[in-house]
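Asks: Below is one structure. I have some questions about it.
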Amino acid sequence: MSEKPKILVVDDEISVGTMIVFLLTRGGCDADMARNADQALQLAQVREFDLITLDVELPGTTGFKIYHKLREIPHLKDTPICFVSGRPTIENIQRAFELGAADFIEKPFDGREFISRILFHARRERPASNFPDENPNPDTQSLCNTP
């Protein structure tokens, strides 16, 4: 049996974070959720992740600041980080990629596209044979695509 990709979801909105965890779980991933910077950094210190999704706006800080702190953790220095934001300004997108983010995903998003993008980036860090061959639940298509 293949090991599931381990994803850390950092989002302060409980409904959004829970929905992302649900999508990732349905897509064959093992996902943990952090609602703020402190929780994210605590989880990141004790667990290895194949990918991190990071909201741009968090209470008292920004995803960009947390990005730098995550990169200081030795076992996460090369882990792909995908920013997820409901405010995809050109400045935010540009800053994310200048920092070295793997992707910038705009909310709302299509569930199938989200899973495909996350698995694509996670697989780049480990051989594909370590992950499930395909999405076991293709019905995750547009759970996030709300007006």
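Asks: Kindly provide the set of residues from segment 22-47 that are surrounded by fewer than 19 Cβ atoms within 10 Å (Cβ to Cβ) and of a type in the set (A, V, I, L, M, F, W, C), ordered by number.
Replies: Phe22, Leu41, Leu43, Val46
Asks: So for segment 1-16 (the condition being modelled with pLDDT under 95, touching a helix residue (DSSP H, G or I) at 6+ places or on another chain (Cβ under 7 Å) and polar (S, T, N, Q)), does at least one residue qualify?
Replies: yes
Asks: Checking the conditions here, which among Phe97, Phe22 is farther than 22 Å from Pro5 by Cα and either in contact (Cβ under 8 Å) with a residue 60 or more places away in the chain or out of contact with any Gly (no Cβ under 9 Å at 6 or more places or on another chain) (or both)? Give the steps one after another, and end with the answer.
Replies: On the way: Phe22 fails: farther than 22 Å from Pro5 by Cα.
Of the residues listed, the single one that is farther than 22 Å from Pro5 by Cα and either in contact (Cβ under 8 Å) with a residue 60 or more places away in the chain or out of contact with any Gly (no Cβ under 9 Å at 6 or more places or on another chain) (or both) is Phe97.
Asks: Which residue pairs have Cβ atoms under 8 Å apart, sit 6 or more places apart or on different chains, and have a first residue in segment 1-19 that is more than 22 Å from Gln42 (Cβ to Cβ) and a second that is at pLDDT below 95 and assigned to a loop (DSSP other than H, G, I, E, B)?
Replies: Within 8 Å, the pairs are Ser2/Phe131; Ser2/Pro132; Ser2/Asp133; Glu3/Phe131; Met19/Leu143; Met19/Cys144.
Asks: Would it be correct to say that Pro59 is farther than 23 Å from Thr25 by Cβ, at pLDDT below 95, surrounded by fewer than 15 Cβ atoms within 10 Å (Cβ to Cβ) and of a type outside the set (D, E, K, R)?
Replies: Working: farther than 23 Å from Thr25 by Cβ: yes; at pLDDT below 95: yes; surrounded by fewer than 15 Cβ atoms within 10 Å (Cβ to Cβ): yes; of a type outside the set (D, E, K, R): yes.
Yes.
Asks: Looking at the structure I just gave you, is Asp50 acidic (Asp, Glu), surrounded by 19 or more Cβ atoms within 10 Å (Cβ to Cβ) and more than 14 Å from Val84 (Cα to Cα)?
Replies: Details: acidic (Asp, Glu): yes; surrounded by 19 or more Cβ atoms within 10 Å (Cβ to Cβ): yes; more than 14 Å from Val84 (Cα to Cα): yes.
Judged against the criteria, Asp50 is a match.
Asks: Any chance segment 74-90 includes a residue that's on the phi > 0 side of the Ramachandran plot and surrounded by fewer than 19 Cβ atoms within 10 Å (Cβ to Cβ)?
Replies: From segment 74-90, those on the phi > 0 side of the Ramachandran plot are none; that's our starting set.
No, segment 74-90 contains no residue that is on the phi > 0 side of the Ramachandran plot and surrounded by fewer than 19 Cβ atoms within 10 Å (Cβ to Cβ).
To keep it simple, each residue is scored yes or no on (1) of a type in the set (Phe, Trp, Tyr); (2) part of a helix (DSSP H, G or I); (3) under 23 Å from Glu113 (Cβ atoms).
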| site | (1), (2), (3) |
| --- | --- |
| Val9 | no, no, yes |
| Ser15 | no, yes, yes |
| Leu23 | no, yes, yes |
| Ala40 | no, yes, no |
| Gln45 | no, yes, no |
| Thr79 | no, no, yes |
| Phe83 | yes, no, yes |
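Asks: Could you tell me which numbered condition Ser129 fails, if it satisfies all but one of (1) surrounded by 15 or more Cβ atoms within 10 Å (Cβ to Cβ); (2) small (Gly, Ala, Ser); (3) modelled with pLDDT under 90?
Replies: (1)
Asks: Of the residues in segment 47-77, how many are touching a residue at least 24 places away in the same chain (Cβ under 8 Å) and part of a strand (DSSP E or B)?
Replies: Count: 8.
The values are calculated or read from the model by the stated rules, or taken from the named source; none is laboratory data. Quantities reported herein were computed from a predicted structural model and do not represent experimental measurements. Heads up, the Cβs are rebuilt from the backbone with ideal geometry, glycines too, and the neighbour counts pull from every protein chain shown.
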